[in-house]
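Worksheet: one structure, shown below.
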Amino acid sequence: MNVTPYIAFARIAFLKILAYRLRYYTGIVTYMVNVSVYYFIWKALYRGKESLGEFTFEEMITYVSVGFIIRTFYFNNIDREIANDILLGHIAAKMTRPVNYQWMNIAQAAGESFFRLFMFTVPTALAILVVFPLRAPASPYSALAFLAALLFSFMVFAALNFLVGTCAVYLHSILGLIRAKYFLVEILSGLLIPISFFPDALAEISRWLPFQLISFTPLMIYMGKFQGEQLVTSFLLGLGWTLVLVGLGHWFWRKAATKLTVQGG
Amino acid sequence: MALIEVSKVSKRFKTYDRKEGVWGGIQNLFRRNPREVRAVDDVSFTVDAGEMVGYIGANGAGKSTTIKMLTGILVPSSGSIRANGYVPYRDRHQYTRGIGVVFGQRTQLWWDIAVVESFQLLKRIYDVSDRDFEEQLEIFDAVLNLKPLLYTPVRKLSLGERMRCDLAAAFLHRPRIVFLDEPTIGLDVVAKENIRQFLKRINAELQVTVVLTTHDLSDIEELCRRVLIIDRGHLLFDGSLEGLRERFECKSQIVFELREPGQVDFGRLGFNSSVEFQQLDALRCQAVFDKKQVASAELIKSIVNSLAVRDVTLDDTTIEEIVREIYSRGEVVPS
């Protein structure tokens, strides 16, 4: 596969974000508000307690804050964009280009994420650090493993979104599906509550699902709670699920593309 | 050899009829009424390399569906298409390298960013060398006057400007075939002319094969030697513009104005039933006739000699009228 066009797509996505300044500024404020809300919720829950489960209050605040900080990096709207392409008929023009539609979408999301990393993730992290007491990564070794785990969280999130977006070929309007997936991912990824707080059965299932790779796994690595063998397992799981979800997306899109009807005109 | 071969192609869609009203809406939740629509029905034609073909039809006739099958977006329900040596939908990746597409109703450029960025992206997608890229831009700039537009975001361009950029984008990678779906829709006269000039030059100089759909028949008259007419999914006519005229232009009409108001006795002119006369009002009369049977010069001579007339105007059937006739009849009547 020739990668030049995909790098070009990433670049275009980067430029597109820059075109809208207001959206950029409001984004940072939104994340500040999110973290603040969870700070106070957890503060109330920890009242009079040293720790909940395996987390001290300080660890919990770190968990939640870093969770939202990395969300500024891995987040994308591939599902919404595909739904728009199909609903508004833009898909027609995109299909007449000699590029792979799945990788085009992932490349654009990567361009956005790369942009966000510098313009969003770092400023948000700094803003949150000023207000809330965060812990540093457990060790330089954890820090490196954490960064590597972020690649999987991006890929899993992107591949999932592509799968959901592709459903639009059959269902046309998938706003409901997108919302459902949004909440499912927020819960099952461990963004809102660490997976270890789930009821036992659900926690056990979640340990093998792809969602935890988005948020819970990198956070546990950051805090040094995943080490050694557990670290290796989570990387293998990350690699495995990435391959499976991307492969599934590839197969699903090929099938869906033959069923395509183009709306309007 | 034919560059595009379409044989016995049909495209069927399933749509669902919706019942009206609240109760109907509730029924729709549980039961849907599928109905099959044949957008394109058993259409065959070929296009040779270097040709510029006009594909016309009323709204919903099946033009765009055909174009979408030719560009590999839609899969035919039956029949086969080969273009430039490929099966469009199956070999989409290789096939699309050699084609250019413009959908007049929406832009292929990236909406929020400067035009030149879109061109740069296309350059990388199609692997166009720096030299070719510069060269192509120069050629396009000469006809389309692109340079002043390059650094403007697409959303700030006027429709005419946008279309100029879209056209340039479609030809940037020197495709062998270009499909234009209503390239002049919504444009003013000047912009239309601009685009026609461009297409003429590109077709002549670069030997690009062009298939274009349009509602504006003057596009066809200016650009295409050959025309395909589709209506309700069926191909009604395939041939030259002259052929179309010859086949359908049965009726011409002469309108003449009398010097003084009065009743005219048309029998005096001596054309019997071959010319249909009609008095429009006290001053004006109309004669409808078939050019193949009656020479217009003869008729005019006779009118001028036998009647006191002030003015004579001759109207030939335009392509537009022929097509309107075809659409309303929905079939080709053999002549």
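Report, in deg cm²/dmol and to the nearest 500, the calculated mean residue ellipticity at 222 nm for chain A, where each DSSP H run with n ≥ 4 adds -39500 (n - 2.57) and the sum is divided by the residue count.
Helices in chain A give a 222 nm mean residue ellipticity of -23000 deg cm²/dmol.
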Restricting the count to DSSP beta bridges whose residues both fall in the protein assembly as shown, what percent are antiparallel, rounded to a multiple of 5? 70
What list of ³J(HN,Hα) values in whole Hz, one per residue of the range A:196-202 in order, does the Karplus curve 6.51 cos²θ - 1.76 cosθ + 1.60 (θ = phi - 60°) give from phi, with Gly and Pro shown as x? 5, 8, 5, x, 3, 4, 5
Just flag the chymotrypsin sites (Phe, Trp or Tyr not before Pro) in the range B:266-309 sitting in loop per DSSP whose Cβ has no more than 16 other Cβ atoms within 10 Å. none
Cα Rg, Dmax, chain B, angstrom units: 25.3, 77
Run the quick spin-label model on residue B:301 and residue A:170: label points 7 Å from Cα toward the beta carbon, then report their separation in nm to one decimal. 7.6
Share, in percent, of DSSP beta bridges within chain B that are antiparallel, nearest 5: 70
Cα to Cα, under 14 Å, and not fewer than 8 places away if on the same chain: which aspartates and glutamates meet these conditions relative to residue A:225? A:54, A:59
In deg cm²/dmol and to the nearest 500, what is the mean residue ellipticity at 222 nm of chain B if only DSSP H runs of at least 4 residues count, each as -39500 (n - 2.57), divided by the residue total? -10500 deg cm²/dmol
Dividing the Cα convex hull volume of the protein assembly as shown by residue count, how many Å³ per residue is that? 225
Once exposed loop GluC sites (Glu not before Pro) are cut out (DSSP; at most 16 other Cβ, 10 Å), longest piece of chain A: A:55-265
Mind checking which aspartates and glutamates have their C-alpha under 14 Å from residue B:68, skipping anything on the same chain fewer than 8 residues away? B:181, B:182
Leaving out ligands, DNA and RNA, calculate the buried accessible area for the pair A and B with a 1.4 Å probe, summed over both sides, in Å² to the nearest 100. 2800
Determine the sum of side-chain charges near residue A:65: Lys and Arg each +1, Asp and Glu each -1, restricted to other residues whose C-beta is under 15 angstrom from that of residue A:65. +1
Which FRET efficiency value, to the nearest 0.05, is calculated for residue A:56 and residue B:174 with the Förster distance at 60 angstrom and r the Cβ-Cβ distance? 0.35
Computed about the Cα centre, the charge dipole of the range B:70-183 from +1 Lys/Arg and -1 Asp/Glu charges at the Cβ has a magnitude in debye, to the nearest 20, of 340
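Computed FRET efficiency, Cβ-Cβ of residue A:36 and residue B:188, R0 51 Å: what is it to the nearest 0.05?
0.40
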Local electrostatic count, residue B:45, Cβ distance below 12 Å [Lys/Arg +1, Asp/Glu -1]: -3
What lysines does residue B:147 reach when the alpha-carbon gap must be under 18 Å and sequence neighbours fewer than 8 apart in one chain are set aside? B:123, B:156
For the range B:86-137, which chymotrypsin sites (Phe, Trp or Tyr not before Pro) pass both filters: DSSP loop (anything but H, G, I, E, B) and at most 15 other C-beta atoms within 10 Å? B:111
Could you identify which residue out of B:270, B:57, B:21 has the top mean-square fluctuation in a GNM of chain B using Cα springs shorter than 10 Å? B:21
Taking trypsin sites (Lys or Arg not before Pro) as exposed when DSSP calls them loop (any state but H, G, I, E, B) and at most 12 other Cβ atoms lie within 10 Å, what is the longest stretch of chain A free of them, the sites themselves excluded? A:50-258
Rank B:152, B:96, B:15 by mean-square fluctuation in a GNM of chain B with C-alpha springs under 10 angstrom and give only the top-ranked residue. B:15
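At R0 = 25 Å, how high is the FRET efficiency between residue A:230 and residue A:45 if r is their beta carbon distance? Nearest 0.05 is fine.
0.40
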Portion, in percent, of the accessible area of chain A that falls on carbon or sulfur, probe 1.4 Å: 70
Over the Cα atoms of the range A:115-236, Rg to Rh with Kirkwood Rh, two decimal places? 1.01
With 0.36 nm assigned to each residue of separation and the Cα-Cα distance removed, residue B:225 to residue B:5 gains 77.4 nm
Taking amide H positions as placed 1.01 Å from N in the peptide plane, with prolines and chain starts having none, which residues 5 or more places from residue B:214, or on another chain, fall under 5 Å of its amide H? B:55, B:57, B:182
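Mean 1/r over all different Cα pairs, inverted: what Kirkwood radius does the range B:1-111 give, in Å?
Taking the inverse mean of 1/r over all distinct Cα pairs, the range B:1-111 comes out at 16.2 Å.
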Chain B, accessible area per residue, ligands and nucleic acids excluded (1.4 Å, Å²): 49
Checking B:324, B:32, B:284 against a Gaussian network model of chain B (alpha-carbon springs below 10 Å), the top fluctuating residue turns out to be B:32
What does the accessible area per residue of chain A come to in Å², with a 1.4 Å probe and no ligands, DNA or RNA counted? 46
Two pseudo-spin positions, 7 Å from Cα along C-beta at residue A:180 and at residue B:94, lie apart in nanometres by 4.1
The pairs in A:16/A:43; A:255/B:11; A:181/B:11; B:200/B:301 lying past 29 Å Cα-Cα in this model are A:16/A:43; A:181/B:11; B:200/B:301
In nm, to one decimal, how far is the residue B:42 label point from the residue A:251 one, both placed 7 Å along Cα→Cβ? 4.0
Toy charge model, Lys and Arg Cβ at +1, Asp and Glu Cβ at -1: the protein assembly as shown dipole around Cα centroid in debye, rounded to 20, equals 1720
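The values are calculated or read from the model by the stated rules, or taken from the named source; none is laboratory data. A quick note: this is a predicted structure, and the numbers were derived from the prediction, not measured. Neighbour counts run over all protein chains shown; Cβ positions are idealised from the backbone, glycine included. Please note that ligands, DNA and RNA were not included when accessible areas were found on the heavy atoms of the full protein model with its side chains. Shrake-Rupley method; radii C 1.70, N 1.55, O 1.52, S 1.80 Å.
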